[in-house]
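*Asks:* Quick one: this structure, given as structure tokens, is what I'll be asking you about.
The values are calculated or read from the model by the stated rules, or taken from the named source; none is laboratory data. These figures come from a predicted structure and were not determined experimentally. Note: ideal-geometry Cβ built from the backbone for every residue, glycine included; neighbour counts use all protein chains shown. Calculation scope for accessible area: heavy atoms of the full protein, side chains included, ligands and nucleic acids excluded. Shrake-Rupley method; radii C 1.70, N 1.55, O 1.52, S 1.80 Å.
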Amino acid sequence: MSKSNDRKNGSKTGERNPDGTFASGNPGRPRGARHKVTQAIEAMLEGQQEALTQAVIDKALEGDVTALRLCLDRIAPARKDAPVSFALPEIETAEDAAKAARAILKAIAQGDVTPLEAATVMAVVEQFRRTLETTEIERRIVALEASK
């Protein structure tokens, strides 16, 4: 194979650095470019999607556990996240954020939420507290600049 046609995707690029990494300015494989094997498989499956899907459904209905699991995973996938509901005070100040943190700890202690759910909610409360803090600082700066 010649040097001019040894690239499968994109334009010809320069040599590699001595450590094997791409040289500066070498973009590598273009974004969205697909591997030859992936393209070949897609070409073989072209037009067969309905038949393959029906075959899996038929196997599942016959009792094939693997096919059944495949179908159920598509129909009712495992939930990655669920809504959390418990009492949380209104948050208007950083002090209110501390009260909210206490409410979250109380919810954990009472078993209303799991520690992982509480950590997620607490991260949201903390981000909101930071937003309040930033807004307050900006308000003070504007007031100081206006008084000059």
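*Asks:* Would you work out which of A67, T38, L116 lies farthest towards the positive end of the dipole of segment 22-148? Charges go on Cβ: Lys and Arg +1, Asp and Glu -1.
*Replies:* Farthest towards the positive pole: T38.
*Asks:* Give the calculated FRET efficiency between E46 and T131 to the nearest 0.05, with a Förster radius of 41 Å applied to their Cβ-Cβ distance.
*Replies:* 0.25
*Asks:* Stretch L72-E145 to full length: gain in nm at 0.36 nm per residue minus the Cα-Cα span?
*Replies:* 20.1 nm
*Asks:* Treat every Asp and Glu Cβ in the chain as -1 and every Lys and Arg Cβ as +1, leave all other atoms uncharged, and give the resulting dipole magnitude about the Cα centre to the nearest 20 debye.
*Replies:* 780
*Asks:* Build a GNM of the chain with springs between Cα atoms under 10 Å: which of D58, D112, D19 gets the top mean-square fluctuation?
*Replies:* Greatest mean-square fluctuation among the candidates belongs to D19.
*Asks:* Note the full-extension length gain between I108 and K36 as 0.36 nm times their separation in residues minus their Cα-Cα distance, in nm to one decimal.
*Replies:* 20.8 nm
*Asks:* Sticking with this one: Order the peptides 30-38, 100-108, 74-82, 128-136 from the highest to the lowest mean number of other Cβ atoms within 10 Å of their residues.
*Replies:* Put in order of decreasing packing, that is 100-108, 128-136, 30-38, 74-82.
*Asks:* Additional query: Post the alpha-carbon centroid distance, segment 104-148 to segment 41-77, in whole angstrom.
*Replies:* Their Cα centres are 47 Å away from one another.
*Asks:* Just the number, please: carbon plus sulfur as a percent of the accessible area of the chain, 1.4 Å probe, no ligands or DNA/RNA counted.
*Replies:* 57
*Asks:* Just to confirm, what accessible area per residue do you get for the chain at 1.4 Å probe, in whole Å²?
*Replies:* 83
*Asks:* Could you tell me the relative contact order of the chain? Use alpha-carbon pairs under 8 Å, at least six residues apart, and round to a whole percent.
*Replies:* Computed over the chain, the figure is 11 percent.
*Asks:* Moving to a separate point now. Are there any helices in the chain, counted as whole DSSP H runs, that stretch 30 Å or more along their axis by Cα and score at least 0.0 on average by Kyte-Doolittle, and if so which?
*Replies:* 115-147
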